[in-house]
């Protein structure tokens, strides 16, 4: 899909509260939207950015899906931490959600029990590519951004839990691998810590749901694994994310 294929479809009113699901790629979001009955090409989140949104706004607790959209200069999904940060910021300010969920695919680790299709909720979210050996800055760059405790939800839904780490690279050079090993990461992604950072600043509870497309510790090239398994992992996201969102709403009900 190119930027030219996207047309505006602005709902009559913005949803408020509920859960916002932040997704980077259209392919990752398509099945989730289908499961929630969210048709069409979405509405513009902010005029300066390509992010789009859809919502079950008629419900008392709306579920709003937000994607980073198609980069207008390059014609591909806007992936990575910059897009995730701006999308999350605009979504929180516009919809004032009760909870935010970062949903998407990830790399996993066979050494820690991961396999293609393994599904996780986060116990913590960190960045594995930030290396600044200056007091104060070192700790800021390596900090856990914080997650809503969800071990009970994971047990209820039969999915795994563990640390999620984020960077803007698909590959995993030795320095990054060392950091991921240090924290015992079960999922390596490109957005979760950025979404969590915005949520922490706004005081909004955060969780991440990630499905493995590739194994970081497999000798096969990451991009080959990712492209081969993206469709199946996206199907798994469609199967599990609506249930996670509903459980999070129960967990945060007032």
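Read-outs: derived from the displayed coordinates by stated rules, not from any lab. On a predicted model such as this, the values are computed, not experimentally measured, just so you know. In this analysis, Cβ positions are derived from the backbone assuming ideal geometry, glycine residues included, and neighbour counts consider all displayed protein chains.
Quote the relative contact order of the stretch 119-218 in percent (integer), defining contacts as alpha-carbon pairs under 8 Å separated by 6+ residues.
Values: 163 pairs, mean separation 37.5, N = 100.
Relative contact order here is 38 percent.
For residue 246 and residue 170, FRET efficiency with R0 = 51 Å and r from the beta-carbon atoms, rounded to 0.05? Can you show the working numbers first?
Working: r = 31 Å, r/R0 = 0.61.
The formula returns an efficiency of 0.95 here.
Please give the contour-minus-distance gain from residue 235 to residue 14: 0.36 nm per residue of separation, less the Cα-Cα distance, rounded to one decimal in nm. Spell out each step's value before the answer.
Working: separation 221, 0.36 × 221 = 79.56 nm, distance 2.79 nm.
Here the answer is 76.8 nm.
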ask   = How far is it, in nm, from the label point at residue 111 to the one at residue 155 when both lie 7 Å from their Cα along the line to the Cβ?
value = 2.9 nm
key: Tilt relative to the chain, helix 174-183 - C-alpha long axis, 0 to 90 degrees, to 10   = 80 degrees
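For the chain, what does -39500 (n - 2.57) per DSSP helix run (n ≥ 4), summed and divided by total residues, give at 222 nm, in deg cm²/dmol to the nearest 500? Mind showing how you got there, number by number?
On the way: 7 runs with 90 residues, N = 254.
Here the helix-only value at 222 nm equals -11000 deg cm²/dmol.
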inquiry  = Below 8 Å between Cα atoms, with a sequence gap of 6+, how large is the relative contact order for the stretch 104-162 in percent?
reply    = 41 percent
task = May I ask for the angle, rounded to the nearest 10°, between helix 192-202 and the longest principal axis of the chain, with both axes built from Cα atoms and the value confined to 0 to 90°?
result = 60 degrees
message = Whole angstrom only: what separates the Cα centroid of the stretch 73-126 from the Cα centroid of the stretch 200-254?
response = 7 Å
task = Please give the helix 222-251 orientation as an angle from the longest Cα principal axis of the chain, in degrees from 0 to 90, rounded to the nearest 10.
result = 60 degrees
Gain in span if fully extended, residue 39 to residue 226, counting 0.36 nm per residue against the direct Cα distance = 64.7 nm
task = Pop a pseudo-label 7 angstrom from the Cα along the beta-carbon direction at both residue 143 and residue 217 and give the gap in nm to one decimal.
result = 3.0 nm
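Would you work out the relative contact order for the stretch 37-186, in percent, from Cα pairs under 8 angstrom that are 6 or more residues apart?
On the way: 178 pairs, mean separation 26.4, N = 150.
Here the relative contact order equals 18 percent.
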